[in-house]
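**Student:** Let me give you the structure first, and then I'll get to my questions.
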Amino acid sequence: MSNIHTLQKIFAAGFDNGYGSLKLLVDGFEVVRVPSYISTADMEDVPGRVVFKGTAFTVGESAFRTGYHFDRNTDHNENKVNNALLILLGALAHLPHRKAWHLKLVVSLHDVGLASQLRKVLNGEYQPILAGKQSDVKIEVLKVVPEGMGALFGHQLPSKLTVLDFGNGTTLYSRYNQGKREVHTPYPAGVEVLIDDISKKMKHLNGGKIGDPSKIRFCLEMGHTKYNRDIDIKDIYSACLKDWYDKYLKKPVSLTLDAKHQGDEIWAIGGGCLLPGFKKLLEKNGFTILENPVEANAFGLLEMAKTIMNKNSATTLGK
């Protein structure tokens with residue numbers, strides 16, 4: 001942190017606007033990783049609080065804690081693009097205040113066909129109030145890459161590699177040969193489907209009401225099955241995990257194991273790797289779980305941004 005000059009404005013950054021949680025990593029700062037929730041509930045200048053174009057909203061943990069009034073990336077596929085600027089400003093509102101930010105971003109997206117739309121939403125100059133303080137924010141998208149590619153950046157890739165990315169909204173199956181991607185298939189069933197199933201099947205434990213998906217996600221991300229002080233969803237979780245695997249994951253996992261049989265190394269990334277008991281199952285099947293599977297993509301995106309910036313400045317100097 002100490003190497004950042006108070007007048008510095010230009011920062012490389014990686015932005016992973018996930019279905020379940022956003023990850024923003026600005027060079028020189030700690031990673032911001034908070035739930036992808038937007039709340040319009042009235043609150044004070046908490047981290048994630050933004051006033052922008054006359055509208056006040058909050059992104060992240062505090063939005064989740066209100067328990068109501070939130071819009072989530074998970075609710076609609078297009079939210080990942082449409083909400084991208086609001087989510088990014090909310091993420092900035094978690095960092096120490098600066099009068100000016102000029103972010104040079106590499107962003108990941110589940111569908112790179114939407115890349116030009118995402119650039120349009122993000123690129124520009126803005127004057128939001130972030131956690132109570134005015135800031136000038138300039139955003140410049142250097143590159144949009146397919147989800148999960150950041151996690152591989154900087155790794156020595158085996159000559160033949162298959163990667164499964166267990167995300168919140170999708171499970172991505174990708175194959176690489178000599179570092180070049182051959183296959184990139186998103187399966188439209190991520191951890192959200194599992195959480196939805198648990199919420200419906202826990203009614204008998206929850207006074208006849210369906211469970212709150214946010215609370216289920218929270219306990220699973222914490223690595224346990226205690227929904228609240230009185231309710232443990234362990235048995236329901238185990239049954240739903242088996243169903244989820246059989247219905248949705250069997251195909252991509254089976255394709256990955258076939259690839260292993262053909263000589264590929266098989267890697268797993270994404271928050272789903274860390275579901276209680278699931279990591280063990282993957283490792284038993286020969287998967288290598290990448291270190292820090294939830295944030296690995298954001299770290300790689302930042303490194304990509306720094307590489308592009310260095311290349312651009314070398315080109316400029318060489319002219």
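**Student:** Considering the range 254-286 alone, what residues qualify as being in contact with a Leu (Cβ under 7 Å, 6 or more places away or on another chain) and over 30 Å from GLY207 (Cα atoms)?
**Tutor:** THR256, ASP264, GLU265, TRP267, ALA268, ILE269, CYS273, ASN285
**Student:** Here is a further query. Given (1) open to solvent by less than 60 Å² (accessible area, probe 1.4 Å); (2) modelled with pLDDT of 95 or more, where does GLY271 come up short, assuming only one miss?
**Tutor:** Failing condition for GLY271: (2).
**Student:** Go through the range 112-206 and tell me which strands (runs of 3 or more DSSP E), entirely inside it, have 3 or more residues that are within 30 Å of LEU241 (Cβ to Cβ) and within 17 Å of the chain's Cα centre (by Cα).
**Tutor:** 160-166, 171-177
**Student:** Also, I was wondering about something else. Counting only residues that are within 21 Å of the chain's Cα centre (by Cα) and at pLDDT 95 or above, which one in the range 97-111 is most open to solvent (accessible area, probe 1.4 Å)?
**Tutor:** LYS104
**Student:** Within the range 232-276, how many residues turn out to be among the charged types (D, E, K, R) and either touching a Ser or Thr at 6+ places or on another chain (Cβ under 6 Å) or free of Cβ contacts under 8 Å to residues at least 12 places away in the same chain (or both)?
**Tutor:** Total meeting the criteria: 8.
**Student:** Looking only at the range 282-295, filter to residues that are outside any loop (DSSP other than H, G, I, E, B) and in contact (Cβ under 8 Å) with a residue 12 or more places away in the chain; which one of those is most open to solvent (accessible area, probe 1.4 Å)?
**Tutor:** This residue is THR288.
**Student:** Right, something else. Of the residues THR307, THR225, which is polar (S, T, N, Q) and open to solvent by less than 50 Å² (accessible area, probe 1.4 Å)?
**Tutor:** Sole residue among the options that is polar (S, T, N, Q) and open to solvent by less than 50 Å² (accessible area, probe 1.4 Å): THR225.
**Student:** On the given criteria, is HIS184 without any contact (Cβ under 8 Å) to a residue 12 or more places away in the chain and within 30 Å of PRO158 (Cα to Cα)?
**Tutor:** Considered against the rule, which asks whether it is without any contact (Cβ under 8 Å) to a residue 12 or more places away in the chain and within 30 Å of PRO158 (Cα to Cα), HIS184 comes out as no.
**Student:** Of the numbered conditions (1) surrounded by 14 or more Cβ atoms within 10 Å (Cβ to Cβ); (2) touching a residue at least 12 places away in the same chain (Cβ under 8 Å), LYS279 satisfies every one except a single condition; which is it?
**Tutor:** (2)
**Student:** Residues that are within 30 Å of PHE57 (Cα to Cα), in contact (Cβ under 8 Å) with a residue 60 or more places away in the chain, buried (at least 16 other Cβ atoms within 10 Å of the Cβ) and not basic (Lys, Arg): does the range 160-167 have at least one?
**Tutor:** Checked against the condition, which is being within 30 Å of PHE57 (Cα to Cα), in contact (Cβ under 8 Å) with a residue 60 or more places away in the chain, buried (at least 16 other Cβ atoms within 10 Å of the Cβ) and not basic (Lys, Arg), the range 160-167 yields at least one hit.
The values are calculated or read from the model by the stated rules, or taken from the named source; none is laboratory data. Computed from a predicted model, the values in this text were never measured in an experiment. Heads up, the Cβs are rebuilt from the backbone with ideal geometry, glycines too, and the neighbour counts pull from every protein chain shown. Quick note on the areas: whole protein, heavy atoms, side chains included, nothing else; ligands and nucleic acids left out. Shrake-Rupley method; radii C 1.70, N 1.55, O 1.52, S 1.80 Å.
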